[in-house]
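Student: The structure's right below; bear with me while I get my questions together.
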Amino acid sequence: MSASRCPSELTWTRHLAGELGWLAARRLRAHAAGCEGCRRSLEVMATERAAFAAEPRRRRDLAELEAQAQEQGPAPRRGQNLWGLAGLAAAGVAAAAVIVGSAVMLADPIFQGLAVALMAGAVAATLLSRYAVPVLYYSLARRGRAAELQREGTLAAPPPWPPAGPVPAAASDRPPEPAAPPAPARAS
Amino acid sequence: LTPAAIQGLYERHSYALFRRCRRLLLDADEAQDAMQEVFLKVLENPTQFLGRSSASTYLFGVATNLCLNRIRNRAARDGRWEASVADTIHARPPEPADAAEARQLAAAILREADPETAAMAVYHFVDGLTQGEIAELVGLSRVSVNRRLQAFRGAALRRGEGA
């Protein structure tokens, strides 16, 4: 991207939130170093953000949100309802069709082995997708969620292995903050 | 979402979202309300949020849709919104829109009946996002984003000439 086109405010926001990769972050820092306009809006944003954080209204908003979260109770478990009753019925019907269809072959002395394999395969596939796939999905999704919480700073990073002495909390789970101040913005 | 997770989200993203809302709504108080509404939406539907790779992008999209709803609901102040958006569009270097064209585009965003297209037009003409970024925000392919934006622009300018 040439210097003539400044990154959007969303891009800077993502950069400040640490969501961009190493290469993109380096490019943005280089841009800020060479672009007067972006550097100024980054400064405006940094000052404004500090003022915003100090505003009393903000605490009230957060308190309201937390009250709301508690009312709603724990979030519903994810991954539980991947397969509704309808899905189970559909897979059952499909498996039954394969079994009935290949039953014709059971009478044939040569191909009856194939028929047995088809029937057993239909049953096994149905059971696997009913039980194994949701479990795999759930464990993968949980891993992604843990990474996200770490980025948000609400979950400590896993301790280094092997654990050696007391582990300093926080600080280790985020890449070093870029030297350049935050993002550009056209507003204000 | 535990209260601690909400706290983290709020601290990290509230300012950026407030800015985003203020830019669209042109009003700090209303922007504050809209920003809070974004977090309420996340609370109501945490599963949608949890699968995202980029929290900023997702929240930015939710904020844009909520703000556009608010803008549509307040017909009285539309003149001011249109003028300000036209200025923004006109001021962006890569978009060779002249002032009249920028006004037509701003008016067309307000008139647009389809909320998704209106949001895409805001991303492109007001925020200057790349088509890749827009595609990620609205969950369409880059090609369809491009096609929809061309169609939007064509319709906006045709209608402007007819008027």
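Student: In the stretch A:58-73, what residues are at pLDDT 75 or above, more than 7 Å from every other protein chain (Cβ to nearest Cβ) and open to solvent by less than 70 Å² (accessible area, probe 1.4 Å)?
Tutor: A:Ala63, A:Ala67
Student: Report, by residue number, each residue of the stretch B:112-150 that is without any contact (Cβ under 8 Å) to a residue 12 or more places away in the chain, surrounded by fewer than 18 Cβ atoms within 10 Å (Cβ to Cβ) and not polar (S, T, N, Q).
Tutor: If the condition is that a residue be without any contact (Cβ under 8 Å) to a residue 12 or more places away in the chain, surrounded by fewer than 18 Cβ atoms within 10 Å (Cβ to Cβ) and not polar (S, T, N, Q), then B:Ala113, B:Asp114, B:Gly132, B:Gly139, B:Leu140, B:Arg142, B:Val143, B:Arg147 are the ones that fit.
Student: Quick check on the stretch B:15-34: of everything there that is in contact with a helix residue (DSSP H, G or I) (Cβ under 6 Å, 6 or more places away or on another chain) and at the interface with another protein chain (Cβ under 8 Å from one of its Cβ atoms), which residue is farthest from B:Val85 (Cα to Cα)?
Tutor: Filtering the stretch B:15-34 for residues that are in contact with a helix residue (DSSP H, G or I) (Cβ under 6 Å, 6 or more places away or on another chain) and at the interface with another protein chain (Cβ under 8 Å from one of its Cβ atoms), the one farthest from B:Val85 (Cα to Cα) comes out as B:Tyr15.
Student: Right, another one. So how many residues does the stretch A:8-18 have that are in contact (Cβ under 8 Å) with a residue 24 or more places away in the chain and more than 20 Å from B:Ala91 (Cα to Cα)?
Tutor: Result for the stretch A:8-18: 4.
Student: Every residue in the stretch A:16-49 that is within 24 Å of B:Gly8 (Cα to Cα), assigned to a helix (DSSP H, G or I) and more than 9 Å from every other protein chain (Cβ to nearest Cβ), please.
Tutor: Residues satisfying the conditions are A:Trp22, A:Ala25, A:Leu42, A:Glu43, A:Val44, A:Ala46, A:Thr47.
Student: Further, regarding this structure: Mind counting the residues in the stretch A:81-105 that are assigned to a helix (DSSP H, G or I) and surrounded by 12 or more Cβ atoms within 10 Å (Cβ to Cβ)?
Tutor: Count: 14.
The values are calculated or read from the model by the stated rules, or taken from the named source; none is laboratory data. Every value quoted in this text rests on a predicted model; they were computed, and no experiment measured them. Note that we place each Cβ from the backbone using ideal geometry, even for glycine, and neighbour counts take in every protein chain shown. Heavy atoms of the whole protein, side chains included, go into the accessibility calculation; ligands, DNA and RNA do not. Shrake-Rupley method; radii C 1.70, N 1.55, O 1.52, S 1.80 Å.
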